[in-house]
Amino acid sequence: MITRRRALALLASGALAGCDRAAFLAANLPAAFGAYRRHADIPYGEDRAQRLDVYVPTRAARRARPLVVFWHGGRWTFGDKAQYRFAGAALAEIDCVAVLPNYRHYPQVRLAGFMDDAARAARWAAAHAAAFGADPQRLYLMGHSAGAHLAALVMLDRRYFEARGGAPPIAGLIGLSGPYDFLPLREADVKDMFGPPERYAESQPIEFVHPGAPAALLIHGVRDETVWPKNSRNLATALAAHGSRVRLELYPHLGHADTVAALSAVARGRAPTLAQVEEFVAA
């Protein structure tokens with residue numbers, strides 16, 4: 001049995017970022033009883049990985065709800081939407097309709113492949129928003145770690161949406177511990193998934209910042225040694241310099257997994273992630 005103390009210890013240790021099964025169990029157990037309905041494994045493409053879950057609050061709504069697409073992390077090589085049920089439940093708790101897509105991982109695909117999945121999933125969410133009581137004009141792209149990279153790059157590099165018929169209206173970006181400005185590349189597999197070398201810059205969201213980019217909420221732990229905090233600092237500076245509204249939140253004592261773990265009921269006291277997401281979406 002996982003006690004609350006054990007759950008907090010697992011989440012605080014960063015086990016969530018390492019795909020520790022006990023940590024995900026601890027995070028997801030309370031989420032199973034949330035006030036939402038989950039529509040699971042809806043296809044948005046032909047590949048088995050191109051499936052998504054939709055979380056819809058069960059309480060009555062006065063108007064169409066904000067729509068949040070949340071991509072999981074995992075270094076572009078692992079992870080699954082089912083492990084992040086706590087994130088979908090948390091977003092439903094603040095009265096958002098949440099869409100959690102899976103996407104193809106390296107080495108099955110490289111940058112162009114998983115970015116195409118990101119564009120397809122976001123377009124699917126906008127196209128089907130009304131069916132779930134969501135407002136397609138209030139679409140937010142969100143993710144943790146590699147998922148934040150997908151959210152930022154698909155929003156800023158227009159080519160991925162253009163290849164699929166055009167971008168939906170995007171109200172904002174919500175990035176948790178995201179890599180946005182991480183050259184030079186050092187690991188062999190990362191060099192391969194983003195290569196060849198003359199194309200490395202195309203993997204960097206900061207290279208595609210432009211005037212008129214949507215608002216952004218960037219959250220990062222100062223003690224993050226997986227994705228350095230400079231990624232969020234640099235992207236925030238670049239977006240602000242181009243006229244975008246940016247909110248940068250740096251958590252002094254937290255690491256890489258803490259920003260997303262704080263969405264779970266058992267670790268919510270570690271960081272105000274959910275409250276800040278709620279404020280950003282409301283604004």
Checklist line | Label-to-label distance, nm, for residues given as residue 164 and residue 187 (7 Å Cα→Cβ offset) | finding: 2.4 nm
Next item on the list: Among 224, 53, 192, determine the one that fluctuates most according to a GNM of the chain built with springs between C-alpha atoms less than 10 Å apart.
Entry: 192
Item checked: Space enclosed by the convex hull of the alpha-carbon atoms of segment 140-213, per residue, Å³ -> 98 Å³
Next item on the list: Under 17 Å from a label point 7 Å along Cα→Cβ of residue 199: give me every residue in segment 73-112 with its amide N that close.
Entry: 104-112
Notebook entry, point to check: Looking only at GluC sites (Glu not before Pro) in DSSP loops with at most 11 other Cβ atoms within 10 Å, what is the longest site-free stretch of the chain?
Noted result: 47-186
Check: At a 1.4 Å probe, what is the % contribution of carbon and sulfur to the accessible area of the chain?
Finding: 52 percent
Next item on the list: Quick one: among 90, 40, 27, which has the greatest mean-square fluctuation in a GNM of the chain with alpha-carbon springs under 10 angstrom?
Entry: 40
Notebook entry, point to check: If you wrap a convex hull around the C-alpha atoms of segment 215-283 and split its volume per residue, what is the figure in Å³?
Noted result: 69 Å³
Next item on the list: Return one whole number: the accessible area per residue of the chain in Å², for a 1.4 Å probe.
Entry: 42 Å²
Checklist line | Three semi-axes of the equivalent ellipsoid, segment 53-181, Cα gyration tensor, whole Å, largest first | finding: 23, 16, 12
Note to self: Please give the charge dipole size of segment 42-175, origin at the Cα centre, charges +1 on K and R Cβ atoms and -1 on D and E Cβ atoms. Round to the nearest 20 debye.
What the structure shows: 100 debye
Next item on the list: Among DSSP beta bridges lying fully in the chain, give the percent that are antiparallel, nearest 5.
Entry: 30 percent
Item checked: Cα-based Kirkwood hydrodynamic radius, the chain, one decimal, Å -> 18.5 Å
Next item on the list: Compute the distance in nm between two label points, each set 7 Å from the Cα along the Cα-to-Cβ direction, one at residue 253 and one at residue 47.
Entry: 4.2 nm
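The values are calculated or read from the model by the stated rules, or taken from the named source; none is laboratory data. Keep in mind it's a predicted model, so treat the numbers as computed, not measured. Neighbour counts run over all protein chains shown; Cβ positions are idealised from the backbone, glycine included. Remember, those area values only see protein heavy atoms, side chains included, never the ligands or the DNA or RNA. Shrake-Rupley method; radii C 1.70, N 1.55, O 1.52, S 1.80 Å.
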